[in-house]
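The values are calculated or read from the model by the stated rules, or taken from the named source; none is laboratory data. These numbers were taken from a predicted model, which means no experiment stands behind them. Here the Cβ is made from the backbone with ideal geometry for all residues, glycine too, and neighbour counts use every protein chain on show.
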Amino acid sequence: MTTARRYDDPCGIARALDAVGDRWALLVVRELIFGPKRFLQLRQGLRGVSPNVLSQRLRDLEAADVVRRYMLDPPAEVAVYELTASGRALEPVLLELGRWGSQQPMRAAGELSVSALLLALKTLFDPAAAADATFALSIDGDWFGVTVASSSIDITHGRTGHPAVTIETDAATLRSVAFGREPITAAERDGRLTLHGSRYLAERFTRMFPAPHDQPPQ
């Protein structure tokens, strides 16, 4: 059995790192921010993690009361992982880390997971460019609601009623469109994005997330 490493330091930062400082731990939290996931879904979002390492990290996070595990009712009977209240309280930490990290050189050429992409939207959201509206996003077949109101943004998992704009696409295309790498019309023309509702608000949506200029992998 792996022995947990501790800093043996009473500082609050050290105690936080005791709980979530191991490699992959905060990325597991990132993947669960928008709702529960099964083990295989976590692996899909955490490209590069081995099953053994992910299992150990989940056990560590359960022991730290950051994640809880439960079984779905029959006929599924599959283990699912979700954040506890303590785990959900880490979202502002992830957003601030994301803001700091967005200023660092881009060294990875891969695509963002859906959870990482949605957190990036919250990280880069510019209240000055916002238009109050509700947006429904279908990303790789999974639905999310984005509510922009009073210069704030909220993202929830699931369908949302009466959205002003509905966008159906994949994570890579949404990243490209939302961060201004290509216009919505180009993605529509190629069949990678379907838009319903107000085109004006959809165009405003793409200006709410001014991303730092990406630097090529080094």
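Just to be sure, is Phe135 aromatic (Phe, Trp, Tyr), surrounded by 16 or more Cβ atoms within 10 Å (Cβ to Cβ) and in a loop (DSSP other than H, G, I, E, B)? First the steps, then the outcome.
Working: aromatic (Phe, Trp, Tyr): yes; surrounded by 16 or more Cβ atoms within 10 Å (Cβ to Cβ): yes; in a loop (DSSP other than H, G, I, E, B): no.
Spelling it out, it is not the case that Phe135 is aromatic (Phe, Trp, Tyr), surrounded by 16 or more Cβ atoms within 10 Å (Cβ to Cβ) and in a loop (DSSP other than H, G, I, E, B).
Quick test for you: out of Gly161, Gly191, pick the one residue that is at pLDDT 95 or above and either touching a Gly at 6+ places or on another chain (Cβ under 6 Å) or assigned to a loop (DSSP other than H, G, I, E, B) (or both).
Working: Gly161 fails: at pLDDT 95 or above.
The match here is Gly191.
Against the conditions (1) over 23 Å from Trp143 (Cα atoms); (2) outside any loop (DSSP other than H, G, I, E, B), Glu82 satisfies every one except (1).
Of the listed requirements (1) aliphatic (A, V, I, L, M); (2) under 15 Å from the mean Cα position of the chain (by Cα); (3) part of a helix (DSSP H, G or I); (4) over 23 Å from Leu26 (Cα atoms), Leu94 misses just one: (4). Restricting the first member to the range 41-66 and to residues that are in contact (Cβ under 8 Å) with a residue 40 or more places away in the chain, and the second to residues that are surrounded by fewer than 17 Cβ atoms within 10 Å (Cβ to Cβ) and assigned to a loop (DSSP other than H, G, I, E, B), the beta-carbon pairs closer than 7 Å and six or more apart or on different chains are Arg47/Gly110; Gln56/Thr2; Asp60/Ala4; Val66/Thr84. Scanning the range 71-80 for residues that are out of contact with any Phe, Trp or Tyr (no Cβ under 7 Å at 6 or more places or on another chain) and either at pLDDT 95 or above or among the β-branched types (Val, Ile, Thr) (or both) yields a single hit, Val78.
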